[in-house]
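Trainee: Here it is, the structure in full.
The values are calculated or read from the model by the stated rules, or taken from the named source; none is laboratory data. In this text, all values refer to a predicted model and were calculated from it rather than measured experimentally. Positions of Cβ are backbone-derived with ideal geometry, glycine not excepted, and every protein chain shown enters the neighbour counts.
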Amino acid sequence: MNKFSALFGLMLRVLDIAVIVAVGVVAYWLRFDTTDMPLEIRQAVARGVLFTLLSMGSFSMYRSWRGKSVVAEAFKLLGVWTVVFLLGILYVALLKVQGVTSRLWWAYWFIGTVLASGVGRLVCRKAAAWVRVRGLDICTAVVVGSNADAAHIVRTLERQRWAGIEVRGWFSTAAGMQPALAGVPHLGDLGALAHYVELHHIGQVWIALPVSEQVAIDRIVTDLDHSTADIKFVPDLFGLQLLNHSVEQMAGLPVINLRASPLNGEARLLKGVQDRVLGALILVLISPLLCLIAIGVKLSSPGPVLFKQKRHGLDGKTIKVWKFRSMRVHGESAGKLTQATRHDPRVTAFGSFLRRTSLDELPQFINVMQGKMSIVGPRPHAVEHNHHYKVIVQNYMQRHRVKPGITGWAQVNGLRGETDTVDKMASRVEYDLHYMQNWSLLLDLRIIAMTVVKGFMSRAAY
């Protein structure tokens, strides 16, 4: 670790201590209109500092996040702060400490700490990027190989200068002549790699070789046994459409996930909690509106107020989705579903209003409370449409690796309504996959906010 990395680590520790203390005081002032904190509250804040240093260190929050995603750090930061405050609450509850039971103060303290800490770390990231762009706090690297993947690595690291990774050159394997790697010098073959890494204190070795060159890869790892350089293997996967790709161990075997569910473990649990809490709150708030819409549907035409449609849910399992009826009761041939079009005679006047404003979708909060849908996720299409599009739109069925949603990233970006062309459906799938690959609680809240602001009205919904 160089002096700049150590300095940034120290800055983060000081920041976290300052944030949890300052926000604790501000939260107390907001709750009790005074900063004269009793001894029990001051002791709780002091325990918060202790739990912060222990938890942040245990979860590697003070290690370098060089080149890693802001979203990944934010998600992990939220999880660690949750652990810190749960420890504080458990301490108070188990030992029955008096004088620190104000739930509002705890809520102010937690929310303020998360927000202030997030902003502070963002500022630290910007400061680190500013330093690295100017040639300081640089991590040196070399690349092994000169194929298209190696060229991609070099271009990406040169373009993302904020990551502070400087490629000094590349090494060839003993498998014969290789084309030159543009932009960086050739430093020799594998026989010279270990000596060069040790002599020049190289921080990272990037291996960009096909998996078939296992002998060369084994030699690199063996030759660098006595080196402290990080070794990063980049398999030739850039051309593949990956979903939640990662590396893990299964049954003691190292496995590279090329495609896996993006919501597993704690991520699925967090999203489930978010859905149930927000879903229950929203249902309570909109219950008067639901009653008014039900009356309007009943008066618009004969038939039931609600109806169910078969859709594919998580893992492609069939679920029944609730909606307010917006059409006159009519028959449909088995295995066929006709999408609503502009001036569709089946749609009632009131139903047209419901569809344009998406109010016909509100009963789906019942599906959310049943655990069959999420508030945010890929919109569920009719079963018949899935059978049609899955064979002509690439990666179409990957949408079903998560629960379908009432609203989604595609919908708030204007992709609502009739999908009368393959291109429209392909665009919707592209947005859905982007959401799945970049999911976070913050992204869900952003989509919900965008839906409230602009997502209810759509000219494309008939």
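Trainee: Which numbered condition in (1) within 25 Å of the chain's Cα centre (by Cα); (2) at pLDDT below 90; (3) assigned to a helix (DSSP H, G or I) is the only one that D16 fails?
Mentor: Unmet for D16, out of (1) within 25 Å of the chain's Cα centre (by Cα); (2) at pLDDT below 90; (3) assigned to a helix (DSSP H, G or I): (2).
Trainee: Filter the range 269-311 down to residues that are assigned to a strand (DSSP E or B) and within 20 Å of P378 (Cα to Cα) and give me whichever is nearest to the chain's Cα centre (by Cα).
Mentor: So the residue we want is R311.
Trainee: Oh, and also: Within the range 349-377, which residues are polar (S, T, N, Q) and closer than 15 Å to L306 by Cβ?
Mentor: Those that are polar (S, T, N, Q) and closer than 15 Å to L306 by Cβ: Q364, N367, Q370.
Trainee: Tell me which residues, restricted to the range 269-302, are under 19 Å from V452 (Cα atoms), surrounded by 14 or more Cβ atoms within 10 Å (Cβ to Cβ) and of a type in the set (A, V, I, L, M).
Mentor: Across the range 269-302, the qualifying residues are L278, I282, L283, I286, L290, I293.
Trainee: Another one. Which numbered condition in (1) outside any helix (DSSP H, G or I); (2) under 17 Å from K271 (Cβ atoms) is the only one that P345 fails?
Mentor: It fails just one condition, (2).
Trainee: Which one is nearest to R379 (Cα to Cα), of the residues in the range 433-462 that are modelled with pLDDT under 80 and not hydrophobic (A, V, I, L, M, F, W, C)?
Mentor: Filtering the range 433-462 for residues that are modelled with pLDDT under 80 and not hydrophobic (A, V, I, L, M, F, W, C), the one nearest to R379 (Cα to Cα) comes out as G455.
Trainee: Hey, another quick one. Any residue that is of a type in the set (S, T, N, Q), assigned to a loop (DSSP other than H, G, I, E, B) and assigned by TED's automatic domain parsing to the domain that holds L314 - is there at least one of those in the range 361-370?
Mentor: So far as the range 361-370 goes, no, none of its residues is of a type in the set (S, T, N, Q), assigned to a loop (DSSP other than H, G, I, E, B) and assigned by TED's automatic domain parsing to the domain that holds L314.
Trainee: Every residue in the range 29-66 that is assigned to a helix (DSSP H, G or I), in contact (Cβ under 8 Å) with a residue 60 or more places away in the chain and farther than 20 Å from K96 by Cα, please.
Mentor: Scanning the range 29-66 gives L30, R31, F32.
Trainee: So how many residues does the range 62-96 have that are of a type in the set (A, V, I, L, M, F, W, C) and modelled with pLDDT under 80?
Mentor: Qualifying residue count for the region: 4.
Quick grid of which residues meet (1) in contact with an Asp or Glu (Cβ under 8 Å, 6 or more places away or on another chain); (2) in a strand (DSSP E or B); (3) charged (D, E, K, R):
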site	(1), (2), (3)
D149	yes, no, yes
G169	no, yes, no
V184	no, no, no
G188	no, yes, no
S212	no, no, no
V215	no, no, no
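Trainee: State whether the residues of the range 149-169 include one that is surrounded by 15 or more Cβ atoms within 10 Å (Cβ to Cβ), among the basic types (K, R), closer than 26 Å to A128 by Cα and at pLDDT below 80.
Mentor: Scanning the range 149-169 turns up at least one residue that is surrounded by 15 or more Cβ atoms within 10 Å (Cβ to Cβ), among the basic types (K, R), closer than 26 Å to A128 by Cα and at pLDDT below 80.
Trainee: Something else now. Of the residues that make up the range 69-76, is at least one within 28 Å of L443 (Cα to Cα) and outside any helix (DSSP H, G or I)?
Mentor: Yes, the range 69-76 contains at least one residue that is within 28 Å of L443 (Cα to Cα) and outside any helix (DSSP H, G or I).
Trainee: Separate question: Would you mention how many residues in the range 190-210 are in a strand (DSSP E or B), modelled with pLDDT under 90 and of a type in the set (V, I, T)?
Mentor: Result for the range 190-210: 1.
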